[in-house]
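The structure under discussion appears below in the form of structure tokens.
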Amino acid sequence: MQQEIPLYGSFVNGENLILESEHVFKDINPATSEVIGYIKRASIDTVKHALESAEKAFEVWSRKSYSERSLILFKASQIMRDKRDELAKLITIEQGKTLSESRKEVDVSIRMLEFFAGEAGRLIGEFDEADKSDLVTYYTREPLGVVLVLTPWNYPLSIPVWKIAPALMAGNTVIFKPASYTPIIGLRLVEILHKAGLPRGVVNCVTGSGAEAGELLIKDERIKAITFTGSTEVGLRIASIASPRLTRIQLEMGGKNACIVLDDADLNMFMEGFLSATFGVAGQKCTATSRLIITKNVKDKVMGRILELVKKIKVGNGLREDVDVGPVVSESQMESILHYIELGKAQGAKLIIGGSRLTGEEYNRGFFIQPTIFDEVTPEMDIAQEEIFGPVLSVITVETFDQALDVLNNSKYGLSASIFTNDLSKAFKFIREAKVGVALVNMHTNYNEPHLPFGGIKMSGFGLKEQGRKALEFFTEVKSVYIRP
């Protein structure tokens, strides 16, 4: 007997809303093309209901003590820990990444909840001496109001957590719109927060497309701040709508991250995390290494080791424990990646491995692409400039360290970059001159920790950074106070 496919709707004011008047879209397993759920698109009435609920809840939530908010996040982290395997399986079925990668995402989410819960007592102002002896002066931080959280499909649990958690700790209420490819795990997150004791209306999840529900919310004057992770194109669209109203915005957008390998690099250290950084999550990470900038003298040795590893990669359904790389998230994403691969070949890059959709047996039902490497790539080629967001690496050969820096910075993006070298002076020059928001030495581009700010510059990011205390700053307004007793 065929299992009935579940129906999901928005989660507003503590309730699941499944209204007959709303249109339905399919949630697809990218490994099998099976429908795993039908999702109701939020109507205008649902969006209005979410805004009204969040506004009403703000009056109560903003007056809660930091310890009260903190306890809810700690309890949510414990629920998430108890449901780790269940959540990981859902991420894999809905997004496509391997179970190992999904478990790591759940673990990161737990850590983020605990980190921001622990930061509760640090969200304070500061007393200072006044010029006049009879004055008392200080500043305090206050919540903004209703904030809009727009998240992508590549990390459908951890990115919502690292946006929603600081927003809540700062005393704001949230309207959360998950990506259309991964709405179910977003709804599960909201359910977990409510099971942990979150009051009705504090977090409302609205399902649907960004072009519909998202734009309605972006245009609404009741939204006091917008935090977004996604493509640069969509980020610029959000800025064009929100900026005239002076709405606070935080944009985490595209990347074209590069790893520099110099002659004196420790190659064992470089190889240690290479596969995860380059082909993990099928290359669909904002911090994935998509450009390898390597000096001529060491190139042959490095490429030999890389090809030996890549040939052993097992691509398949992420639910299988022996799989290294899962499918890309959708057919349209697959077609976009294949387009860039054809463009690379047409522009003269040398395809040395991969380059095709995988077919036959289980592959015919999903969206699988071979891990792909291009050699003899020049800095001006599209595959060296555009964010492909797939399992594609462009190798660029240079003569010197200074040339490598020039190639690195020859990009409209500026998210993450790394260098492998044993020369301390070159390492510090790289840190000073790399035009990125995250710089790593003898580590790969995909590493970050919750207590440090995260975000890019140039076309990769705008506004205060995410994570760490900077995240709390984004979600608060500073008020300066002068008192004459």
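The values are calculated or read from the model by the stated rules, or taken from the named source; none is laboratory data. Just so we're clear, the structure is a prediction, and the values are computed from it rather than from any experiment. For neighbour counting, all protein chains shown are included, and Cβ atoms are generated from backbone atoms with ideal geometry for every residue, glycine included.
Can you give me the number of residues within the stretch 58-93 that are of a type in the set (Gly, Ala, Ser), under 30 Å from Glu321 (Cβ atoms) and in contact (Cβ under 8 Å) with a residue 60 or more places away in the chain? Residues flagged as of a type in the set (Gly, Ala, Ser), under 30 Å from Glu321 (Cβ atoms) and in contact (Cβ under 8 Å) with a residue 60 or more places away in the chain within the stretch 58-93 amount to 1. Quick one: in the stretch 267-297, of everything that is under 18 Å from Asn442 (Cβ atoms) and in contact with a Phe, Trp or Tyr (Cβ under 7 Å, 6 or more places away or on another chain), which residue is surrounded by the fewest Cβ atoms within 10 Å (Cβ to Cβ)? Restricting to residues being under 18 Å from Asn442 (Cβ atoms) and in contact with a Phe, Trp or Tyr (Cβ under 7 Å, 6 or more places away or on another chain), the top hit is Met269. For the stretch 424-433, indicate whether the set of residues that are surrounded by fewer than 18 Cβ atoms within 10 Å (Cβ to Cβ) and either in contact (Cβ under 8 Å) with a residue 60 or more places away in the chain or closer than 29 Å to Ile337 by Cβ (or both) is non-empty. No: zero hits.
Taking the criterion of being part of a helix (DSSP H, G or I), surrounded by fewer than 20 Cβ atoms within 10 Å (Cβ to Cβ) and not basic (Lys, Arg), the residues of the stretch 298-325 that qualify are Val298, Asp300, Met303, Gly304, Leu307, Glu308, Leu309.
So for the stretch 35-58 (the condition being assigned to a loop (DSSP other than H, G, I, E, B), assigned by TED's automatic domain parsing to the domain that holds Ile192 and buried (at least 22 other Cβ atoms within 10 Å of the Cβ)), does at least one residue qualify? Yes, there is a match, as at least one residue in the stretch 35-58 is assigned to a loop (DSSP other than H, G, I, E, B), assigned by TED's automatic domain parsing to the domain that holds Ile192 and buried (at least 22 other Cβ atoms within 10 Å of the Cβ). Here the stretch 237-250 is the region considered, the condition is being in a helix (DSSP H, G or I) and in contact (Cβ under 8 Å) with a residue 12 or more places away in the chain, and the residue that is surrounded by the most Cβ atoms within 10 Å (Cβ to Cβ) is Ile238. Among the residues of the stretch 253-264, not a single one is of a type in the set (A, V, I, L, M, F, W, C) and at pLDDT below 95.
In summary, Val234 fulfils each of the numbered conditions (1) within 16 Å of the chain's Cα centre (by Cα); (2) buried (at least 23 other Cβ atoms within 10 Å of the Cβ); (3) of a type in the set (A, V, I, L, M, F, W, C) with the single exception of condition (2).
Which residue out of Leu351, Leu405 is touching a residue at least 12 places away in the same chain (Cβ under 8 Å) and either surrounded by fewer than 20 Cβ atoms within 10 Å (Cβ to Cβ) or under 21 Å from Ser276 (Cα atoms) (or both)?
Answer to the selection: Leu351.
Against the condition assigned by TED's automatic domain parsing to the domain that holds Glu221 and outside any helix (DSSP H, G or I), how does Lys75 come out, does it pass? When the stated conditions are applied, Lys75 does not pass them.
Against the test of being in contact with a Gly (Cβ under 8 Å, 6 or more places away or on another chain), small (Gly, Ala, Ser) and under 20 Å from Pro450 (Cα atoms), the options Ser70, Ser62, Ser109 yield a single qualifying residue, Ser70. Filtered by the rule that a residue be free of Cβ contacts under 8 Å to residues at least 60 places away in the same chain and over 20 Å from Val203 (Cβ atoms), the stretch 35-57 gives Val35, Tyr38. Scanning the stretch 278-297 for residues that are under 16 Å from Pro327 (Cα atoms) and in a helix (DSSP H, G or I) returns Thr278, Phe279, Gly280, Val281, Ala282, Gly283.
Can you say whether Thr476 is in contact with an Asp or Glu (Cβ under 7 Å, 6 or more places away or on another chain) and hydroxyl-bearing (Ser, Thr, Tyr), as far as the supplied structure shows? Considered against the rule, which asks whether it is in contact with an Asp or Glu (Cβ under 7 Å, 6 or more places away or on another chain) and hydroxyl-bearing (Ser, Thr, Tyr), Thr476 comes out as yes. Inside the stretch 190-230, can you point out the residues that are buried (at least 16 other Cβ atoms within 10 Å of the Cβ) and small (Gly, Ala, Ser)? Ala196, Gly201, Gly208, Gly210, Ala213, Gly214, Ala225, Gly230 - these are the residues of the stretch 190-230 that are buried (at least 16 other Cβ atoms within 10 Å of the Cβ) and small (Gly, Ala, Ser). Residues that are out of contact with any Gly (no Cβ under 9 Å at 6 or more places or on another chain) and of a type in the set (A, V, I, L, M) within the stretch 320-372 comprise Leu343, Ala346, Ala349, Ile352, Ile353, listed in sequence order.
Okay, residues lined up against (1) of a type in the set (A, V, I, L, M); (2) at pLDDT below 95; (3) touching a strand residue (DSSP E or B) at 6+ places or on another chain (Cβ under 8 Å):
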residue	(1), (2), (3)
Glu308	no, no, no
Val325	yes, no, yes
Ser330	no, no, yes
Met334	yes, no, yes
Gly360	no, yes, no
Gly366	no, no, no
Ala384	yes, no, yes
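Yes/no per residue for (1) modelled with pLDDT under 95; (2) over 22 Å from Phe475 (Cβ atoms); (3) among the aliphatic types (A, V, I, L, M); (4) touching a Cys at 6+ places or on another chain (Cβ under 7 Å):
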site: Pro6; (1), (2), (3), (4): yes, yes, no, no
site: Gly9; (1), (2), (3), (4): yes, yes, no, no
site: Val12; (1), (2), (3), (4): no, no, yes, no
site: Ser65; (1), (2), (3), (4): yes, no, no, no
site: Ala76; (1), (2), (3), (4): no, no, yes, no
site: Arg81; (1), (2), (3), (4): no, yes, no, no
site: Arg84; (1), (2), (3), (4): no, yes, no, no
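Of the set (1) at pLDDT 95 or above; (2) in a helix (DSSP H, G or I), all apply to Ala117 but (1). Contact map, the stretch 135-154: first residue farther than 23 Å from Thr247 by Cβ, second residue among the acidic types (Asp, Glu), Cβ cut-off under 6 Å, separation 6 or more or different chains; pairs are Thr137/Asp128.
Might you let me know whether the stretch 361-378 holds any residue that is part of a helix (DSSP H, G or I), of a type in the set (D, E, K, R), crowded, with 18+ Cβ neighbours inside 10 Å and in the same structural domain as Arg291 (by TED's automatic domain parsing)? No: zero hits.
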